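Have a look at the structure below before the remarks.
The values are calculated or read from the model by the stated rules, or taken from the named source; none is laboratory data. Since this is a predicted model, take the numbers as computed values, not measurements. Here the Cβ is made from the backbone with ideal geometry for all residues, glycine too, and neighbour counts use every protein chain on show. Ligands, DNA and RNA are stripped out before the accessible areas are found, and what is left, the full protein with its side chains, is counted by its heavy atoms. Shrake-Rupley method; radii C 1.70, N 1.55, O 1.52, S 1.80 Å.
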Amino acid sequence: MSLPATRSPELKTNPSHMKFEKLRGTFGYSLTILSVFIILLAVISIYIFVFSKGLSTFFVDKLHLWDFLSGTEWNPTRSEEAGGPVFGVFAFIYGSFVVTFLAAAIAAPIGIGSAIFMTEIAPKWGRKLLQPVVELLVGIPSVVYGFTGLTLLVPFIREHIGGLGFSLLAGVIVLSIMILPTITSISVDTLLTVSPEIKAGSYALGATRWQTIWRLIMRASAPGFVTAVIFGMARAFGEALAVQMVIGNSKRMPTSLLDPGSTITSVITMNMGNTVPGTLENNVLWSLALILLLMSTVFIFAVRLIGQRGRLMS
Amino acid sequence: MAELKEARDAARYHIAPEGKTVLNVRRLNLFYGKKQALFGVDLDVYKGEVLALIGPSGCGKSTFLRTLNRLNDLIDGVRIEGEVLWHGENIYGEGQDLIEIRKRIGMVFQRPNPFPLSIYDNIAYGPRIHGIKDRKRLDEIVERSLTQAALWDEVKDRLHASALGLSGGQQQRLVIARVLAVEPEIVLMDEPTSALDPISTSRIEELIGMLKKRYTIVIVTHNMQQAARISDRTAFFLNGYLIEVAPTPVLFQTPQKKETEDYITGRFG
Ligand SMILES: Nc1ncnc2c1ncn2[C@@H]1O[C@H](COP(=O)(O)OP(=O)(O)OP(=O)(O)O)[C@@H](O)[C@H]1O
Ligand SMILES: [Mg+2]
């Protein structure tokens, strides 16, 4: 498409070339506008679609929102005598939150710790060695994490800790490994923005390296760390496949970490193939999808908010 | 005139009145890897003076300044020969307390480098790392340091606001206050006004005039007028060599070396 730059002196004065350039500018402009438009359209359609499907559970099928959210019994095939199908999803919401928060609680210190190691403690070989490892971990497909968890982790838990092995705990561990690279790489980026001048200022006051790391670099990077953890949590909250492979997919309310359970995502992937569109059972899955959509919206807004406050600081 | 001659002799032969020098630099060589940046520098710093370091870009002024608080230690591959005696003891000698050295020989950088913390926490940073926890004492130190740096009145109502919201000139005074908070004896300044506007610059110069009553100041400056305005003595560096050091009026009026004369008359640099 593009003409060699070296020829442009003569061509620039050529009116037909000018016209062509102008046209090309207009074309490029339209193309970018079109791309933006497509993205917006896709996002808006997804929101409209999920909202209309997800809300019809309550407006068309007249399920009570509160019963749906707080109910702990899930039985789509309960007989009419027993009161008909019942859809309480509290156990799944609970499962999602427990698994997400615990995974973040495990991955955050490890991720931030290795980020500090890579940038502050051994910036030369630490980064050379760990950066590729982190990138590798990001690239591994979730089915591989799930499969490995299923083959190694589940039997390990069964034999050495207790229970069936399929459990919230297995989900937590698999997820924490999956979100570790996300947290690490965002933390590394944050740490790299702390300027050498600021560090020199700390050393020049007589601070040791540890004091500089703890009292200055960590504090200056705190908003970035929070962002990193929220991104990790967003990933954990939305992950379906790997979790579904190790969590046991029990519909009952788990009472311990060793109990099997379900998450919002795992319920959707487990059931979507078995329901007929338009039925209550199918709509309920859309309501769960709506919860996921709302949660990821919350995560994004949280990240934006923190980003803004971080910018105000610097 | 006699006074002038005496001062010149004192400077030329590094004769300091007994007990009046705080730093004696002896035969200092510095290498960045294989590249030598300082060549056999001999220089004394007198107690309570403002010593200006001038010279063309790249002549080693900053490098020299950083040898005085061992900040070059942070740079990989730096090798230093010779001695920097601080009250008679070589700071590069064995068993020297690096923390004490940096605490008592403070440094202000070319670009204001406030920490991304509140104004209060910036000032309290130094005292805190040196073990002061008591809130009352920290409050006192913050107020005293900011007052000494002529910033207190401007910031006393927003001590807990971010330091990054201050203007460049205010930030530089904040950084000076942060150094004063750890009670240094010597304050090193590397072109502290080169990133500032003229009004902020003159405020910093005024401040330096006030600070010399309590502190010894070594200041790098690109600006010969500034050296003339604020310093007691001036040292001229060229290509890693200390060419000449003399009381400031002497150096500017009757330089002894041709290189110095060329530089101050603007023939190069
Ligand atoms: N970290 C470093 N690694 C290698 N060489 C360096 C380093 N810092 C400075 N130098 C070199 O040492 C010499 C002296 O540099 P220095 O920064 O001390 O000069 P300066 O007099 O402060 O210059 P300026 O007026 O531009 O600030 C220069 O040749 C410079 O390139
Ligand atoms: Mg310099």
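Points worth noting:
- Overall form of chain B per C-alpha gyration tensor (a/c, 1.5; a/b vs b/c): prolate
- Threshold 40 Å², segment A:196-238 residues less accessible with all protein chains present than alone (1.4 Å probe): A:Glu197, A:Ile198, A:Tyr203, A:Ala204, A:Leu205, A:Gly206, A:Arg215, A:Leu216, A:Arg219
- Members of segment B:42-80 that become less accessible by 40 Å² or more once partner protein chains are added (1.4 angstrom probe, chain alone as reference): B:Leu74
- Charge sum, other residues only, whose C-beta stays under 14 Å from B:Trp152's C-beta, Lys/Arg counted +1 and Asp/Glu -1: 0
- The GluC sites (Glu not before Pro) found in segment B:175-213 include none that occupy coil by DSSP while having at most 13 further C-beta atoms within 10 Å.
- Using a probe of 1.4 angstrom and keeping all protein chains present, the accessible surface of chain A works out to 55 square angstrom per residue.
- Helix runs (DSSP H) in chain A reaching 30 Å along axis by Cα, Kyte-Doolittle at least -0.5: A:15-59, A:90-116, A:168-192, A:280-313
- Net length gained if the chain between B:Ile99 and B:Glu185 were fully extended (0.36 nm per residue, minus Cα distance): 29.6 nm
- Where A:Arg209, B:Arg158 fall by accessible area, highest first, once all protein chains stay in place (1.4 Å): A:Arg209, B:Arg158
- The figure for B:Thr265 is an accessible area of roughly 80 square angstrom, using a 1.4 Å probe on the protein chains alone.
- Expressed as a whole percent, the accessible surface of the protein assembly as shown that belongs to carbon and sulfur atoms is 62, based on a 1.4 Å probe.
- Residues whose amide H lies under 5 Å from that of B:Ala52, counting only those 5 or more places away or on a different chain, are B:Ile219, B:Asp232, B:Arg233, B:Thr234, B:Ala235; hydrogens are built 1.01 Å from N in the peptide plane.
- Segment A:Thr72-A:Val276, extension gain: residue separation times 0.36 nm, minus the distance between their alpha carbons: 71.1 nm
- Centre-to-centre, using Cα atoms only, segment A:151-169 and segment A:76-110 are separated by 20 Å.
- Distance between modelled label sites at B:Arg137 and B:Asp232, nm, 7 Å Cα→Cβ extension: 3.1 nm
- Gyration tensor verdict on segment A:119-181 (Cα atoms; rounded if a/c is under 1.5, prolate if a/b is larger than b/c, oblate otherwise): prolate
- Cα gyration tensor, chain A - rounded (a/c under 1.5), prolate or oblate: oblate
- Split chain B at each of the chymotrypsin sites (Phe, Trp or Tyr not before Pro) in a DSSP loop with at most 12 other beta carbon atoms within 10 Å, and the longest piece is B:14-267.
- Summed buried accessible area for B+A [probe radius 1.4 Å, Å², rounded to 100]: 2000 Å²
- Cβ-derived FRET efficiency at R0 51 Å, B:Glu206 paired with B:Glu89, nearest 0.05: 0.90
- Simple spin-label estimate for B:Tyr32 and A:Phe59 gives 6.8 nm between the two label positions (7 Å along the Cα-to-Cβ direction from each Cα).
- Area of A:Ile186 that stays accessible when all protein chains are in place (1.4 Å probe, Å², to 10): 40 Å²
- Of the whole protein surface, B:Thr201 contributes about 20 Å² of accessible area at a 1.4 Å probe radius.
- Whichever lysines have a C-alpha closer than 22 Å to that of B:Lys103, once near sequence neighbours (fewer than 8 apart) are set aside: A:Lys199, B:Lys20, B:Lys47, B:Lys61, B:Lys133, B:Lys136, B:Lys212, B:Lys213
- Accessible-area ranking of A:Arg78, B:Arg233, B:Arg137, largest first, probe 1.4 Å: B:Arg137, A:Arg78, B:Arg233
- Contact order for chain A, expressed relative to its length and based on alpha carbon pairs under 8 Å spaced 6+ residues apart, stands at 23 percent.
- A:Trp74 long-range amide H proximity, modeled H, under 5 Å: A:Gly88
- Once the partner protein chains are put back, segment B:143-173 shows a loss of at least 20 square angstrom of accessible area, versus the chain by itself, at B:Ser162, B:Leu164 (probe 1.4 Å, ligands and nucleic acids excluded).
- Under 12 Å, Cβ to Cβ, from B:Asp73 - net charge with Lys/Arg +1 and Asp/Glu -1: +4
- Note on A:Gln131 and A:Phe147: their simple-model spin labels are 3.0 nm apart, each label 7 Å out from Cα toward Cβ.
- Legend: residues A:Arg24, B:Arg70, sorted from most to least accessible area (1.4 Å probe; ligands, DNA and RNA excluded), read A:Arg24, B:Arg70.
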